[in-house]
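Read-outs: derived from the displayed coordinates by stated rules, not from any lab. The shown structure was predicted, so the numbers you read here are calculated from the model rather than taken from an experiment. Virtual Cβ from ideal backbone geometry, glycine too; neighbours counted across all protein chains shown.
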Amino acid sequence: MNGPVEPFKIKVVEPVNRPNREKRKLAIKEAGYNTFLLKSEDVFIDLLTDSGTSAMSDNQWAGMMIGDEAYAGSKNFYNFENAVKDILGYKYVVPTHQGRGAEHLMYKTLTRDGQFIPRNMYFTTSKVHVELAGGKMMDVIIDEAHDPENDHPFKGNVNLEKLEALIQEKGAEKIAFINVEMDVNMAGGQPVSMENLREVWKLGKEYGLKVIFDATRSSENAYFIREREPGYENIPINEILREMMSYSDGCIYSSKKDCLVNIGGFLATNDKEIFEKTRSMVVVYEGLHTYGGMAGRDMEALARGLREGAQYDYLKYRVNQVKYLGELLKEARVPIVQPIGGHAVFLDALKFLPHLSREKWPAQTLSAAIYEESAVRSMERGAVSKGRDKETGENIFPKLELVRLTIPRRVYTNTHIEYTANAIKNLYQKREKIAGLKMVYEPEYLRFFQARFEKVPL
Ligand code: F0G
């Protein structure tokens, strides 16, 4: 098995440290066994996230030099607005500092107290913004998504029966809007099919409900549609993207992923009312409506990155590098979520560490153990991320208890991927010796970022 050939060559390098075992043990203990609290200089290969961690191209860096830092009406804003219109096809664009800025504006605008927001599957920041606006997010993803071994090609799909049943049970007036995430992060980077998007749109129209996308990883989703959905084999990615977006009233977008930049976000819509409301809010929370928290140079890099990130050759390399890591782990029988996702390989912590109860946070434990073994940084995506039930205050234990090995775009070589796979294989050989954790500090919001843990002896 070989890794994919990179459609670029390397012009600038950044040296990285590889701390020894003693140093790693100390570093993760000091970080409260939470990989978010590690110092990046103690990390050898950083697979914490694909967010804001991409390597920009020479074309993007050149764009940074023509940043127009005018407070109002920067020329880079118009370049960025045109890129969004060209690639995604929406009429109106509101810039924000990153994705959650857009979530805040969009979800607050559309949600009334006590309303429900059906979504294929929650994402942490999306859920919290909906809750802060007085709403409740309800997962309506297909059942296959909860089974790590099921290899459905579009595991991110919305279950249309569940969605319709929810609308009928609550009444359409109690539904704020329908929310669909592309390449569903918490399900393992699993795509949504074009057919499903079309059906959700139709259903939304029947009940007079708006459909809003979380289009954050839509280019990677579009690649999967081209690879897997009959009829799309020869359609250019740009056309697929525009068709996808045509089945929505608007989207929020964290440009830190598929747009190959380190910061930025936006919302886009065809709905004049949404546009006008969010545009008037953006000046309160983010900045003027022609920069929204981004510098002119950031908007230029984003404009260029959105176009580069939608190129077929790049996407093919990108998705296949992620697949390479997954295949190496599968070969060694390490339990992973199938099919392999677009941005990350997800380890099934319940199968990796079956001797640990859910209360000992198996995914958090595994993520800390991977660091201790190899200085590779990953992230928990399970019960710690899910948080507590808003009403009962109890911990929620979702079916998926995963560790995410997220691949930054254009950053690591295939040798880094092989190093990571070998380290996890070694750890899997001695998995019974891994002791669980107890949570000793829990912050109020998005606890996974700052929670602290201690080891519980076996
Ligand atoms: N929506 C999705 C699907 C995301 O994955 C993220 C961020 C956001 C919204 C929020 O965007 O970070 O720019 O404010 N995901 C990162 C991750 C944090 O690591 O998956 P943001």
How do 116-124, 405-413 rank on mean C-beta neighbours within 10 Å, highest first?
116-124, 405-413
Distance between segment 150-215 and segment 60-135 - C-alpha centres, whole angstrom:
20 Å
Would you be so kind as to identify which of Val158, Thr124, Ile141 lies farthest towards the positive end of the dipole of segment 116-174, taking Lys and Arg as +1 and Asp and Glu as -1 on Cβ and the Cα centre as origin?
Thr124
FRET E, pair Lys272, Arg333, Förster distance 60 Å, beta-carbon r, rounded to 0.05
0.65
Kirkwood hydrodynamic radius (Cα pairs, Å) of the chain?
22.3 Å
Can you give the FRET efficiency to the nearest 0.05 for Asp68 and Lys430, using r as the Cβ-Cβ distance and R₀ = 51 Å?
0.35
Going Cα to Cα from Lys9, which lysines come in below 25 Å? Please leave out same-chain ones fewer than 8 positions away.
Lys256, Lys257, Lys316, Lys323
Antiparallel as a % of all DSSP beta bridges within segment 58-308, to the nearest 5?
50 percent
Excluding residues fewer than 8 places away in the same chain, name every one of the aspartates and glutamates whose C-alpha is closer than 15 Å to that of Lys39.
Glu30, Glu372
Dipole in debye (nearest 20) - the chain, about Cα centre, beta carbon charges: Lys, Arg +1; Asp, Glu -1:
1020 debye
I'd like the FRET efficiency for Asn234 and Tyr441, computed as 1/(1 + (r/R0)^6) with the beta carbon distance as r and R0 of 35 Å, rounded to 0.05.
0.05
So what's Rg/Rh here for segment 58-308, counting alpha carbon atoms and using the Kirkwood radius for Rh?
0.97
Based on the mean of other beta carbon atoms within 10 Å per residue, what is the order of 339-350, 386-397, most packed first?
339-350, 386-397
How large is ³J(HN,Hα) for each residue in segment 74-85, as worked out from phi by the Karplus curve 6.51 cos²θ - 1.76 cosθ + 1.60 (θ = phi - 60°), to whole Hz, x for Gly and Pro?
4, 5, 5, 4, 5, 4, 5, 4, 5, 5, 5, 5
Once Lys and Arg are counted +1 and Asp and Glu -1 for all other residues with Cβ under 14 Å from that of Pro443, the total becomes +1
Value of Rg to Rh for segment 52-191 (Rh from inverse mean 1/r over Cα pairs, i.e. Kirkwood)
1.05
DSSP bridge pairs, the chain: antiparallel proportion in percent, nearest 5:
65 percent
What chymotrypsin sites (Phe, Trp or Tyr not before Pro) does segment 206-294 have in DSSP loop regions with at most 10 other beta carbons within 10 Å?
none
So which chymotrypsin sites (Phe, Trp or Tyr not before Pro) in segment 1-69 pass both tests, a DSSP loop state and at most 14 other Cβ atoms within 10 Å of the Cβ?
Phe8
What spacing in nm lies between the two simple spin-label points modelled at Asp86 and Glu30, each 7 Å away from Cα in the Cβ direction?
4.7 nm
Counting other beta carbons within 10 Å of each residue's own, what order do Asp42, Asp298, Asp214 fall into, fewest first?
Asp42, Asp298, Asp214
Report the full-extension gain for the segment Leu458 to Glu149: residue separation times 0.36 nm, less the Cα-Cα distance, to one decimal in nm.
108.4 nm
Could you list the square roots of 5 times each eigenvalue of the Cα gyration tensor of segment 225-325, that is, the equivalent ellipsoid semi-axes, sorted largest first and rounded to whole Å?
29, 18, 10
Mean separation of Cα contacts under 8 Å (at least 6 apart) over the residue count of the chain, i.e. the relative contact order in percent, is 24 percent
Using alpha carbons only, what's the Rg to Rh ratio of segment 342-451 with Rh from Kirkwood?
0.99
Express the relative contact order of segment 1-154 as a whole percentage, based on alpha carbon pairs under 8 Å and six or more residues apart in sequence.
12 percent
